[in-house]
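Asker: Take this structure first; my questions come after.
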Amino acid sequence: MLLVAWLSMGLSAAVSAHEVQPAVADVSVGEAQVGIVLRMAVEPVLAGIDLGTVDDTDGSPLGSRNDALRTLPPDELEAALREAWSGIAARIALVSDGETLVPELDAVAVPEVGDVELRRDSTLTLSAALPPGEAPVVLGWDESLGALIVRQVDEGATYEVFLTGGAATEPMPRLGVAEAPLADLVQRYVLSGFAHVIPDGMDHILFVLGLFFYALAWRPLVWQVTAFTVAHMGTLALATTGAITVPSDWMWLVETVIAASIVWIAVENVLGPHERRIGWGRIAVVFVFGLVHGLGFASVLSEFGLGTQALPAFLSFALGLEIGHLTVIAVAYLLLGAPFGGTRFYRAGVVVPGSLIIAAIGAYWVLNRIGWVGDVPLLT
């Protein structure tokens, strides 16, 4: 019953079509002024949704307000943004030489209304006057605004950072770019990668559980996890370098294939032979899932440039992902494999029902992504 309840909680997270994605800020620091070009979806912020507490706007009681704002024409949405700007600006912490700077909203570019099921990124041009002197600038981003990718570029040098949980940048100098201590960068990206799995990655969790239910023997599990890791890291590497990007209007297809692979893995657990020998067909499906899931996050990682810290950031993020995957496997083994793995009850009472629940969630997600069914309001 615990397994059923826990997996069922993933249904709402797996099928909703309004995922929260990071905002992106390009920062330029001059002698007298700091400028920020900010790309973000302003609708959930205007709706009052706390983006630090939800992974999907449909998971908020204010989700319907966000949906209504998506239907506003550009001039009306800009007017609403300007009216609310003072409150939003108070959550953007700009500090230089101990002085708090207030970012002014200089210009707003809002795209025309398109598919209201898709994220609409507006471009905000901000500026703030700097105090006299050479003191650097620190940019803080309130947790309620979600995650933020910050980039500072100066004469070919690049500083990039992924801010979550209300974090702030390193001091950004007026000449050159900031440099994050390597230890801090590794810690930040390992934690970000782990959070991408636990608690944010229900698709990761379901898929890894599907791998776990295939067999308790270490050899099949190692082969599968290795195939997933190699494929996932390969696509993430291409995304990090900007070699591949996925247009937003194609993300539904990527998500549908991810969901279908979850269904495939789970169904094979039920219908496959009881004697578990790892086959190339199974490995191929796992590998393809890793490639496609990497595409699912490519839209975020492709925002990073080729700065000197891009490689350690990527490797640290990948390490955090794998720690998350291994954590899922370890918890599943302690709760299910260790006490029940050697009993006759294990397959009939754990593997089969667990895999069927995973398959049902994945199948519902497929139908949701292709528009045949809606979200599940009772579970959101």
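The values are calculated or read from the model by the stated rules, or taken from the named source; none is laboratory data. The shown structure was predicted, so the numbers you read here are calculated from the model rather than taken from an experiment. When we count neighbours, we look across all protein chains shown, and the Cβ atoms used for this are built from the backbone with ideal geometry, even at glycine.
Asker: Just to check your reading of the model, which residue among Val138, Val95 is within 30 Å of Phe314 (Cα to Cα), in contact with an Asp or Glu (Cβ under 8 Å, 6 or more places away or on another chain) and part of a strand (DSSP E or B)?
Answerer: Answer to the check: Val138.
Residue by residue, here is whether (1) touching a residue at least 60 places away in the same chain (Cβ under 8 Å); (2) under 14 Å from Ala23 (Cβ atoms); (3) buried (at least 16 other Cβ atoms within 10 Å of the Cβ) holds:
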{"residue": "Ala109", "(1), (2), (3)": "no, no, no"}
{"residue": "Glu112", "(1), (2), (3)": "no, no, no"}
{"residue": "Leu118", "(1), (2), (3)": "yes, no, no"}
{"residue": "Leu126", "(1), (2), (3)": "yes, yes, yes"}
{"residue": "Arg151", "(1), (2), (3)": "yes, yes, yes"}
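Asker: Here's another thing I want to ask about it. Test Val137 against the criterion of being crowded, with 21+ Cβ neighbours inside 10 Å, aliphatic (A, V, I, L, M) and under 23 Å from the mean Cα position of the chain (by Cα), and give yes or no.
Answerer: When the stated conditions are applied, Val137 does not pass them.
Asker: Which ones in the stretch 174-217 are crowded, with 16+ Cβ neighbours inside 10 Å, small (Gly, Ala, Ser) and more than 28 Å from Val95 (Cβ to Cβ)?
Answerer: The answer is Gly193, Gly201, Gly210, Ala215.
Asker: I would also like to ask the following. Being under 17 Å from the mean Cα position of the chain (by Cα), within 17 Å of Leu145 (Cβ to Cβ) and either in a helix (DSSP H, G or I) or in the same structural domain as Gly165 (by TED's automatic domain parsing) (or both) narrows it down to one of Leu51, Leu81, Leu69, so name that one. Can you show your working first?
Answerer: Working: Leu81 fails: under 17 Å from the mean Cα position of the chain (by Cα); Leu69 fails: under 17 Å from the mean Cα position of the chain (by Cα).
Just one listed residue meets the conditions, Leu51.
Asker: Would you check if Asp115 is over 22 Å from Ala178 (Cα atoms), in contact with a strand residue (DSSP E or B) (Cβ under 6 Å, 6 or more places away or on another chain) and outside the structural domain of Gly371 (by TED's automatic domain parsing)?
Answerer: When the stated conditions are applied, Asp115 does not pass them.
Asker: Test Gly305 against the criterion of being modelled with pLDDT under 80 and either part of a loop (DSSP other than H, G, I, E, B) or not assigned by TED's automatic domain parsing to the domain that holds Val366 (or both), and give yes or no.
Answerer: Working: modelled with pLDDT under 80: yes; either part of a loop (DSSP other than H, G, I, E, B) or not assigned by TED's automatic domain parsing to the domain that holds Val366 (or both): yes.
It is true that Gly305 is modelled with pLDDT under 80 and either part of a loop (DSSP other than H, G, I, E, B) or not assigned by TED's automatic domain parsing to the domain that holds Val366 (or both).
Asker: Take the residues in the stretch 282-302 that are small (Gly, Ala, Ser) and modelled with pLDDT of 75 or more, then tell me which one is nearest to Thr235 (Cα to Cα).
Answerer: Gly294
Asker: Report, ordered by the first and then the second residue, all pairs with beta carbons closer than 8 Å, sequence separation of six or more or different chains, a first member in the stretch 158-174 that is over 17 Å from Leu130 (Cα atoms) and outside the structural domain of Asp55 (by TED's automatic domain parsing), and a second member that is modelled with pLDDT of 85 or more and of a type outside the set (D, E, K, R).
Answerer: That search, which allows pairs on different chains as well, returns nothing.
Asker: For residues that are in contact with a Ser or Thr (Cβ under 7 Å, 6 or more places away or on another chain) and under 23 Å from Gly349 (Cα atoms), scanning just the stretch 218-270, find the one that is surrounded by the fewest Cβ atoms within 10 Å (Cβ to Cβ).
Answerer: The extreme case among them is Val270.
Asker: Return a yes/no flag: does the stretch 145-166 have any residue that is aliphatic (A, V, I, L, M), out of contact with any Phe, Trp or Tyr (no Cβ under 9 Å at 6 or more places or on another chain) and more than 18 Å from Ala25 (Cβ to Cβ).
Answerer: No: the stretch 145-166 contains no residue that is aliphatic (A, V, I, L, M), out of contact with any Phe, Trp or Tyr (no Cβ under 9 Å at 6 or more places or on another chain) and more than 18 Å from Ala25 (Cβ to Cβ).
Asker: Condition first: in contact with a helix residue (DSSP H, G or I) (Cβ under 8 Å, 6 or more places away or on another chain) and either polar (S, T, N, Q) or in a helix (DSSP H, G or I) (or both). Now tell me which residues in the stretch 17-48 satisfy that.
Answerer: Gln21, Glu43, Pro44, Val45, Leu46, Ala47
Asker: As an exercise: evaluate Ala14 against (1) buried (at least 21 other Cβ atoms within 10 Å of the Cβ); (2) modelled with pLDDT of 90 or more; (3) not in a strand (DSSP E or B) and give the number of the one condition it does not meet.
Answerer: Just one mismatch for Ala14, condition (2).
Asker: Kindly establish whether Val153 is within 21 Å of Gly52 (Cβ to Cβ), in a strand (DSSP E or B) and not assigned by TED's automatic domain parsing to the domain that holds Phe314.
Answerer: So Val153 fails the test.
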